[in-house]
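Everything on this sheet refers to the single structure shown next.
The values are calculated or read from the model by the stated rules, or taken from the named source; none is laboratory data. Because the structure is a prediction, the values reported are computed rather than measured. All Cβ positions, even for glycine, are placed from backbone atoms using ideal geometry, and neighbour counts span all protein chains on display.
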Amino acid sequence: MMYKFGKIIFFFILFLIFGLTIVFSICPSLLVYIYRGDDEKTIWVETKYFPIKKNIFSTNYLIAPNVEWSPNGTYFSFYDYVRLEWATKEWALKIINARTFRIKTIFIGDYKTSEYKWIDNENVRVYEDAGSGVRIYRDININVPEPFIATDHASPEYWTPEKTF
């Protein structure tokens, strides 16, 4: 009798681990929280069902409050204040692959950089302020080999004006 109970427990645990692995490979956001820390300089990952918490990114400056998941829950994005030169290249849009926890910079913008939003699972729309009440945007694929640097591509043909009605 004890042998059968032990076998049932073993297969239940095996099934649970296998199931969680499949769920994590399909949609990591169902199993982990990724969020900006209270100090506004760190990104943390925490499991939803186990008491595991780990710092996966730190900066000396600031992480903007708008942090969000991709629509399919596989990637997590945030702005990091990098300030490479005065008034140029200040914000870097970084993407975390939640399956591997690899961090990739896809966009570096200047002080005119404003918000961003996910368009689909592989494209992010980055907005910049182009003057009084005018915003322009550029769609960036997260698979770019190197970051798009906005101040180096400031001409209008690279950006699309946002239409307001």
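Quick check on Ile96: is it within 17 Å of Arg36 (Cα to Cα) and at pLDDT 85 or above? Give the steps one after another, and end with the answer.
Values: within 17 Å of Arg36 (Cα to Cα): yes; at pLDDT 85 or above: yes.
Yes; evaluated as a whole, the condition is true for this residue.
Scan Asn143, Asn121 and give me the residue that is in contact with a Phe, Trp or Tyr (Cβ under 8 Å, 6 or more places away or on another chain) and at pLDDT 85 or above. Even if it seems obvious, please write down each step before you answer.
Working: Asn143 fails: in contact with a Phe, Trp or Tyr (Cβ under 8 Å, 6 or more places away or on another chain).
Only one candidate qualifies: Asn121.
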Restricting the search to the stretch 1-29, which residues are out of contact with any Leu (no Cβ under 6 Å at 6 or more places or on another chain), of a type in the set (A, V, I, L, M) and at pLDDT below 75? Met1, Met2, Leu16, Ile17, Leu20, Ile22, Ile26
Of (1) surrounded by fewer than 17 Cβ atoms within 10 Å (Cβ to Cβ); (2) within 23 Å of Glu40 (Cβ to Cβ); (3) modelled with pLDDT under 90; (4) under 14 Å from the mean Cα position of the chain (by Cα), Phe78 fails just (1)
Could you count how many residues in the stretch 120-138 are among the hydroxyl-bearing types (Ser, Thr, Tyr) and in contact with a Pro (Cβ under 9 Å, 6 or more places away or on another chain)? 1
Against the conditions (1) at pLDDT below 85; (2) in a strand (DSSP E or B), where does Arg138 fall short? Just the number, please. (1)
Pull up the stretch 124-135, narrow it to residues that are farther than 11 Å from Thr113 by Cβ, not in a loop (DSSP other than H, G, I, E, B) and not basic (Lys, Arg), then point me to the one that is modelled with the highest pLDDT. Val124
